[in-house]
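Only one structure is covered here, and it is reproduced in the block below.
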Amino acid sequence: MRSDVKIKRIGVLTSGGDAPGMNAALRAVIRTAHRKKIEVVGILNGYSGLLEGNTKVLSKRDGSYIINRGGTILYTARSEVFKTPEGVKQGAEMCRKLELDGLIVLGGDGTFRGAYDLANEGIPCVGIPCTIDNDVCCTDKTIGFDTAMNTVVELADKIRDTGESHSRCIIIEVMGRKAGDIALHTAVAIGATCAVVPEYPFDRDELVNKIINSRAGGKKNFLIVVAEGLGKDYGIELAKYIEEKTNIESRFSCFGYTQRGGSPSLSDRVLASTMGCAAVYALLDGCVGDVVVSKGSSIETVEMKYAIQLERLAKGKMTEAEKSELSPGTFYEMSKTLADRMAYKSYLKGVIEKLSL
Ligand code: F6P
C-alpha cells in the first residue's frame, strides 16, 4: 500500500533494548529529513513517551557528533500499555495531535509489531532493525549486532589470557535472547572449543570427551560460548559439570549488558547511515508500514506485515489458518529465507567443530 500524503513533519523514536548504532541511524534520519525540508520530532522513551507526548523537535545540529556514540539520545523503554488496543489508539491520536505525517521507529521485532498496529490506525510507519541479537529474520543484519560481537571478541581475548595462565576452562555467556547468532559468530572468531545455542541439541558428554582428549594432546585453555537463551544458570551448571568430569578448573563469566554499549563499529555505522537515509525516502515514497532491510549488498524495504509473519513462522507461532492465507510463492520465499538463515548457522557450527582440536 502507498500513501500520497505530502510528508512535512515526521516523528522518530527508539524502542526496546538499545543497540550501538541507533544514534548513527538517528543522525541519518535527521540529516536526510532536513535536506528534504521535513521537520523532525524526536519522541523520548519509545512508545511510553509517545503516549505521554514527550517530544523534542530535532534541529539539523541535533544529529551532530552522535554517529560515534553508543546508547540512544532519545532514550528507550519497553511499554506494556502500548501493547493494548487502547494504548495503540492513544498513540495514533498523539501522532495526529503532533501533526506527524509519518513515524520512523528504531528497534526489533516487538517495536515493529507496535508500529504495524499504529499503521493500521492510519499512521504511516517505517521501521529500522536495531538489536544486538540479529533476530529479525527479514534482514541479513541488524544495527548493533556487529558492535556487540566485537565487544565479545575483545573481552574473550582478555579472558583467554587468564584461562591460559591457569590452564582453565572458561564458559562465557553471551546475549541474544532466543537466538544463537552472537554465540556462533563469536565462537568462530575467538577460536572457541564449542558454542552451545538454543537452535541445536547439545551433548555435554561429547564436549567433556573432547576436552579430555585435547588436554591429553597439550591444550591448556578452553573457551566455551553459551547463549543466554538456554536459561539462567545454564553456563554455571555447565562449568560445574565440566570441572567435575574433567578435573580441569572451570569458571563462568557472563558478559551481560556490556554487549549493548559502546561506540558502534564501522560496519554498524555504515548500516545505520544507509538504513536511516532509506527510512526517510521510504516515507517520501508513500510507504505506510514497511521495514528497511539489508539484503546482500543492497538496502531495500519489505512490508511490516511480511516481517511480522516471517517472525511468527520462524518461532513456530504461525497457525495453519494463517499459513493458508499466504500465497504459495510468499510461503515458499519465507521458508527459504528461514532455511538459509539456519543453513548459515549450521555452517558456522560446523566450522567451530572442525577448527577446535
Ligand atoms: O534484545 C536485546 C537484549 O539485550 C537481549 O539480548 C536480552 O535478552 C534483552 O535485551 C535484555 O533485556 P532488558 O534490557 O529488558 O533486560
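For the reader, a short list of remarks on this structure follows.
- Strands (runs of 3 or more DSSP E) wholly inside region 1-114 that include at least 1 residues being open to solvent by 40 Å² or more (accessible area, probe 1.4 Å) and touching a residue at least 40 places away in the same chain (Cβ under 8 Å): 9-14, 55-58
- Of all residue pairs spaced 6 or more apart or on separate chains, those with beta-carbon atoms under 7 Å, a first member in region 223-237 that is among the aromatic types (Phe, Trp, Tyr) and a second member that is in a strand (DSSP E or B) are 234/226.
- Residue that is most open to solvent (accessible area, probe 1.4 Å), among those in region 115-129 that are not small (Gly, Ala, Ser) and not in a strand (DSSP E or B): 120
For every residue, the table says whether it meets (1) of a type outside the set (Lys, Arg); (2) more than 21 Å from residue 16 (Cα to Cα); (3) modelled with pLDDT under 95.
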| position | (1), (2), (3) |
| --- | --- |
| 90 | yes, no, no |
| 139 | yes, no, no |
| 151 | yes, no, no |
| 160 | no, yes, no |
| 178 | no, no, no |
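- Whichever residue in region 319-357 is part of a helix (DSSP H, G or I) and hydroxyl-bearing (Ser, Thr, Tyr) and, among such residues, is nearest to residue 136 (Cα to Cα): 337
- Test: residue in region 3-10 that is within 20 Å of residue 272 (Cβ to Cβ) and within 16 Å of the ligand (Cβ to nearest atom): no
- The listed residue being open to solvent by 10 Å² or more (accessible area, probe 1.4 Å), away from the ligand (no atom under 16 Å from the Cβ), within 21 Å of residue 23 (Cα to Cα) and modelled with pLDDT of 95 or more, out of 281, 200: 281
- Contact map, region 240-264: residues that are open to solvent by 30 Å² or more (accessible area, probe 1.4 Å) and outside any strand (DSSP E or B) paired with residues that are away from the ligand (no atom under 16 Å from the Cβ) and of a type in the set (Gly, Ala, Ser), Cβ distance under 7 Å, separation 6+ or inter-chain. Pairs shown: 243/250.
- In region 130-172, the qualifying residues are those that are of a type in the set (Asp, Glu) and either assigned to a helix (DSSP H, G or I) or within 16 Å of the ligand (Cβ to nearest atom) (or both), and the one that is nearest to the chain's Cα centre (by Cα) is 133.
The values are calculated or read from the model by the stated rules, or taken from the named source; none is laboratory data. Given the structure is predicted, the values throughout are model-derived calculations rather than measurements. Here the Cβ is made from the backbone with ideal geometry for all residues, glycine too, and neighbour counts use every protein chain on show. Heavy atoms of the whole protein, side chains included, go into the accessibility calculation; ligands, DNA and RNA do not. Shrake-Rupley method; radii C 1.70, N 1.55, O 1.52, S 1.80 Å.
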